[in-house]
Amino acid sequence: MTPANIRLQLVVSVVWCVLVSLPAQGAEPARGFLVGDDCDWPLFILSLPFKGVGSTAGYSNAFDAYDGNGCPFQGGAAPDVVYSYTPDEDLTVNVSLQTSEYDTKVAVYTDCAGPPVYCDDDACGYPLYQSRLNGVALLAGETYYFVVDGFLGGSGQYTLDITEVEACPEPVAFEQCPPAYGDWWLHRSDAGSGYLVRDNFAGGGVPICGVRWWGAFLDYAQHELCRVNEPRFDITVYDGAGVAVYTMADMEPAMADTGVQHSTSYGLVPVYEFEAGLTPTSDILEAGQEYWIEIVGAADEPVDCHFWWHNTKASGDGVAQRLVDGVSAELSNDLAFCLLGDGLPAVCRGDSNGDGEVTFGDVDYFVAALIAESSWRDMFAAEPPCRFANNDCNADDAVDFDDVDPFVGALATGTCGTGS
């Protein structure tokens with residue numbers, strides 16, 4: 001092929017790409033060509049993190065962002081700018097207009113003719129009442145439209161920040177993340193205050209290797225913001241009967257500022273993320289059984305700077321407890337935390353080789369387990385894909401000859417043993 005032919009082919013390819021990317025005839029924007037003016041002509045977001053800086057001046061009012069929750073007011077005439085993003089994988093993002101220069105609104109749509117799937121007006125609070133969404137869940141292959149809007153007729157310079165977040169890192173044994181917008185609460189849980197809170201969760205048949213939670217610090221006595229530079233906490237897990245099955249006292253977690261601030265009578269309250277490894281790793285929490293976790297601020301200084309645990313809007317049971325000087329009262333919302341597992345599947349008694357089934361292929365592995373845990377581990381070329389507890393077929397926390405009959409029973413049914 002000659003150089004002239006190569007150039008001609010490149011020109012034809014470019015023209016073709018441009019033509020196929022244009023909307024079909026008749027889809028031209030009715031308000032004139034202005035990229036970002038509506039969902040037919042959005043500004044494309046190619047990767048995250050993303051920062052978009054501009055002005056809504058000159059754009060039309062294509063949206064009146066309203067959902068009755070984070071955006072409770074209708075009837076605005078503010079110009080708006082539309083961005084679009086299609087993720088390659090499921091992810092969670094925070095969306096912020098916090099450094100914009102006017103009273104903003106932000107909304108996320110999947111169908112521009114319908115209501116927003118996420119919307120916020122004033123999460124950033126006084127003085128400019130800018131907007132922010134936290135924990136926005138995006139699904140792979142779905143196109144999302146991020147709309148920079150204004151309250152009533154508000155318009156001006158904006159900065160749109162979209163950042164990926166990992167609210168609950170894998171492997172997760174249980175998760176209740178902070179709300180994306182609206183209906184947030186902080187519940188005092190501090191040893192120095194006499195107030196403690198705890199929340200329930202279902203055991204997943206896995207040990208808990210770590211916990212992540214969210215909250216803030218407030219001086220309730222002085223009605224002002226405060227900060228504990230080296231926070232310490234007591235973490236206790238109780239079973240359904242109220243018996244403590246795991247305790248770690250006076251531990252210092254990793255702490256990070258989430259960048260989220262709630263507008264309160266105290267001022268803008270920063271929200272922090274905490275994470276702690278539970279060492280030694282807690283015992284396996286039986287699948288389906290109810291447990292309670294209590295996270296309590298334990299730092300002595302400053303004296304009246306107390307930890308306040310953040311709520312969640314996750315689909316939990318809406319039941320938590322507050323203890324005031326030892327007297328329990330029910331809370332009507334759940335608390336934000338996630339429990340980190342070890343990545344192995346839940347216990348399946350009798351599945352000695354970890355292939356997800358109870359078959360005669362498990363016999364040699366079970367016999368090795370009767371000799372010693374090290375002998376069982378030597379049966380695998382790498383790390384075992386299951387727990388040694390899979391060999392504890394009678395669920396008495398030991399692997400011995402008392403497990404033989406329950407193992408045979410599991411083989412007979414071809415299902416995980418019941419521990420009896």
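If you take the residues of the stretch 68-106 that are part of a loop (DSSP other than H, G, I, E, B) and of a type in the set (G, A, S), which of them is nearest to I162 (Cα to Cα)? Even if it seems obvious, please write down each step before you answer.
Looking only at the stretch 68-106, we keep the residues that are part of a loop (DSSP other than H, G, I, E, B), and these are 68-80, 86-90, 97-103.
Cutting the leftovers down to of a type in the set (G, A, S) gives us 68, 70, 75-78, 100.
Details: G68: 23, G70: 18, G75: 27, G76: 24, A77: 25, A78: 22, S100: 14 Å.
Here the residue is S100.
Quick check on A65: is it surrounded by 17 or more Cβ atoms within 10 Å (Cβ to Cβ) and either modelled with pLDDT of 90 or more or within 20 Å of the chain's Cα centre (by Cα) (or both)? Break it down stepwise before answering.
Working: surrounded by 17 or more Cβ atoms within 10 Å (Cβ to Cβ): yes; either modelled with pLDDT of 90 or more or within 20 Å of the chain's Cα centre (by Cα) (or both): no.
Here the answer is no, as A65 does not meet what is asked.
Restricting the stretch 112-132 to residues that are assigned to a strand (DSSP E or B) and of a type outside the set (A, V, I, L, M, F, W, C), the residue that is modelled with the lowest pLDDT is G125. I need the full set of residues from the stretch 374-389 which are surrounded by fewer than 20 Cβ atoms within 10 Å (Cβ to Cβ) and more than 20 Å from A287 (Cα to Cα), in order please. Answer for the stretch 374-389, where residues must be surrounded by fewer than 20 Cβ atoms within 10 Å (Cβ to Cβ) and more than 20 Å from A287 (Cα to Cα): S374, S375, R377, D378, M379, F380, A381, A382, E383, P384.
Across the stretch 133-143, the qualifying residues are those that are surrounded by fewer than 24 Cβ atoms within 10 Å (Cβ to Cβ) and not aliphatic (A, V, I, L, M), and the one among them that is modelled with the lowest pLDDT is G135.
Only one of the numbered conditions (1) closer than 30 Å to V271 by Cα; (2) modelled with pLDDT under 85 is not met by S47, and that is (2).
Which one is modelled with the lowest pLDDT, of the residues in the stretch 390-414 that are farther than 17 Å from T359 by Cα and surrounded by fewer than 20 Cβ atoms within 10 Å (Cβ to Cβ)?
Keep residues of the stretch 390-414 that are farther than 17 Å from T359 by Cα, which gives 394-402.
Now narrow it down to the ones that are surrounded by fewer than 20 Cβ atoms within 10 Å (Cβ to Cβ): 395-398, 400-402.
On the way: A395: 88, D396: 89, D397: 85, A398: 92, D400: 95, F401: 95, D402: 95.
Filtering the stretch 390-414 for residues that are farther than 17 Å from T359 by Cα and surrounded by fewer than 20 Cβ atoms within 10 Å (Cβ to Cβ), the one modelled with the lowest pLDDT comes out as D397.
Is there a residue being closer than 19 Å to A221 by Cα and in contact (Cβ under 8 Å) with a residue 12 or more places away in the chain anywhere in the stretch 324-338? Yes; the residues of the stretch 324-338 include at least one that is closer than 19 Å to A221 by Cα and in contact (Cβ under 8 Å) with a residue 12 or more places away in the chain.
The values are calculated or read from the model by the stated rules, or taken from the named source; none is laboratory data. The model shown is predicted, which means the values in this text are computed figures rather than measured ones. All Cβ positions, glycine included, derive from the backbone under ideal geometry; neighbour counts span all protein chains shown.
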